[in-house]
Amino acid sequence: TWSTVPAGPPDPILGVTEAFKADKDPRKINLGVGAYRDGNGKPYVLSSVKSAEDLIALENPDKEYLPISGLPEFTKAAAKLAYGADSQPLKQSAIAVVQSISGTGALRIGGAFLQRFFPHAKAIYIPTPSWGNHTSIFRDSGLEVKQYRYFDKKTVGLDFEGMKADLQSMPPNSIVLLHACAHNPTGVDPTPEQWVELSSLIAEKSLFPFFDMAYQGFASGSTTRDAFALRHFVKEGHQVALAQSFAKNMGLYGERVGAFSLVAADEEEKKRLESQLKIVIRPMYSNPPLHGARIASTILTNFELYSEWEAEVKGMAERIISMRARLYDNLVSLNTPGEWSHIKSQIGMFSFTGLTTPQTQTLAEKAHIYMTADGRISMAGLNAHNIDYFSESVSKAVKS
Ligand code: PLP
Ligand code: TYF
């Protein structure tokens with residue numbers, strides 16, 4: 001029956017972990033997948049998460065199905081975190097929100113909804129480069145996926161002129177996917193001033209902004225600052241779509257906690273949108289998982305846990321920033337050819353090092369250091385124990 005089904009390629013990101021696991025060298029380092037590691041290279045369960053789980057256990061809650069749209073306390077709190085308590089559409093009860101299977105699921109609900117109801121254009125534009133899964137998610141949602149210029153290899157920064165030119169030439173009603181903060185894989189974000197310009201241009205050209213916010217709090221250490229772009233667009237009247245993930249900022253990777261939302265014109269429109277989002281979700285998985293949403297809503301609605309969580313997010317962001325500084329200093333003091341200041345200026349979980357695919361292969365073979373073939377490293381995989389070995393190995397690979 002299946003003789004014509006060809007073997008597919010491994011996932012370009014998760015495949016890196018496979019190669020890492022197979023390597024038995026004690027010096028090995030995995031900088032592939034974007035998952036936070038503590039100063040000892042270990043997965044980190046936030047203490048705010050542990051406290052929330054303790055509180056939940058005390059209540060001894062049942063395990064009944066959630067509604068199709070998820071845990072109401074959670075979706076309410078998630079929207080408040082993203083849009084801000086003083087958001088006009090939030091206050092007017094004009095934001096449709098549903099719980100999702102983390103950020104991936106939120107993007108997929110959005111893709112399916114837009115494919116069904118966004119009447120004009122069926123194309124979604126994603127930045128070049130973007131998170132690899134974006135192409136697959138939107139293609140499998142039945143949308144045509146196109147690209148806009150984003151990263152400038154020469155400056156290792158934002159190609160702002162190229163991006164604006166591409167937005168200018170998109171057909172009206174095209175969907176534009178924007179990374180809300182901490183762009184994956186490049187770590188390069190527009191400045192607040194550039195976001196303001198982008199918001200005006202996107203309005204002028206009648207484009208539809210779809211924000212992917214997988215790293216709120218991780219970029220700057222402040223959930224408010226990281227929501228600047230989203231909140232500015234909403235303030236300017238854009239009726240955005242938003243995919244939120246709590247995988248990184250709460251360390252809830254495997255719990256699959258996220259939300260998808262749409263800003264509606266008013267409460268009546270919101271109700272119509274929510275009814276259709278439920279119709280999108282029901283045949284996919286009926287209703288979302290419970291435990292992670294309970295954890296997130298407990299943290300977001302409890303004053304003490306919220307403060308503790310904010311401090312922990314900041315702590316994760318700061319550890320990453322300190323590793324950036326140390327990596328930069330090491331590469332410079334080892335006289336590594338090239339300009340490395342982008343390591344310090346890039347934002348969020350990743351650094352787009354500029355290492356070439358052959359150099360990444362050399363690093364895997366000779367130094368047992370694993371990263372994606374595009375030269376992206378997860379900064380969280382670096383720590384005081386391995387950063388010198390990593391810097392020396394990179395320096396050698398660049399010189400050879
Ligand atoms: N969007 C971006 C840009 C990401 O980097 C990620 C995770 O790496 C996600 C979405 C979604 O991840 P998850 O489904 O684990 O929330
Ligand atoms: O490192 C990245 O860019 C992501 C991480 O189910 C990831 O691909 C891994 C597994 C998953 C979602 C995201």
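On the stretch given as the range 354-400, residues that are in a loop (DSSP other than H, G, I, E, B), within 16 Å of ligand 1 (Cβ to nearest atom) and either farther than 22 Å from Ala317 by Cα or touching a strand residue (DSSP E or B) at 6+ places or on another chain (Cβ under 8 Å) (or both) total 2. Of all residues in the range 78-99, those satisfying the criterion of being more than 16 Å from ligand 1 (Cβ to nearest atom) and part of a helix (DSSP H, G or I) are Ala79, Lys80, Tyr83, Gln88, Pro89, Leu90, Lys91. Within the range 19-65, the set of residues being among the β-branched types (Val, Ile, Thr) and closer than 19 Å to Gln361 by Cβ comprises Ile29, Val33.
Only one of the numbered conditions (1) farther than 19 Å from Gln99 by Cα; (2) within 15 Å of ligand 1 (Cβ to nearest atom); (3) in contact with a Gly (Cβ under 8 Å, 6 or more places away or on another chain) is not met by Leu178, and that is (3).
The residues of the range 375-398 that are farther than 24 Å from Asn40 by Cα and surrounded by fewer than 17 Cβ atoms within 10 Å (Cβ to Cβ) amount to a single one, Lys396. Every condition in (1) among the hydrophobic types (A, V, I, L, M, F, W, C); (2) out of contact with any Pro (no Cβ under 9 Å at 6 or more places or on another chain); (3) more than 14 Å from ligand 1 (Cβ to nearest atom) holds for Leu107 except the one numbered (3). Checked against the criteria, Arg282 does not count as in contact with a helix residue (DSSP H, G or I) (Cβ under 6 Å, 6 or more places away or on another chain), charged (D, E, K, R) and touching a residue at least 12 places away in the same chain (Cβ under 8 Å). Scan the range 34-50 for residues that are in contact with a strand residue (DSSP E or B) (Cβ under 9 Å, 6 or more places away or on another chain), surrounded by 19 or more Cβ atoms within 10 Å (Cβ to Cβ) and part of a loop (DSSP other than H, G, I, E, B) and the total you get is 2. For Glu193, the conditions (1) within 29 Å of His120 (Cβ to Cβ); (2) at pLDDT 95 or above are fulfilled apart from (1).
Of the residues making up the range 295-335, those that are buried (at least 16 other Cβ atoms within 10 Å of the Cβ) and of a type in the set (Asp, Glu) number 3. Can you confirm whether Gln147 is modelled with pLDDT of 95 or more, out of contact with any His (no Cβ under 8 Å at 6 or more places or on another chain) and more than 16 Å from ligand 1 (Cβ to nearest atom)? Here the answer is no, as Gln147 does not meet what is asked.
The values are calculated or read from the model by the stated rules, or taken from the named source; none is laboratory data. Just so it is clear, the model here is predicted, and its values are computed rather than measured. FYI the Cβ positions are ideal-geometry reconstructions off the backbone, even for glycines, and counts take in every protein chain you see.
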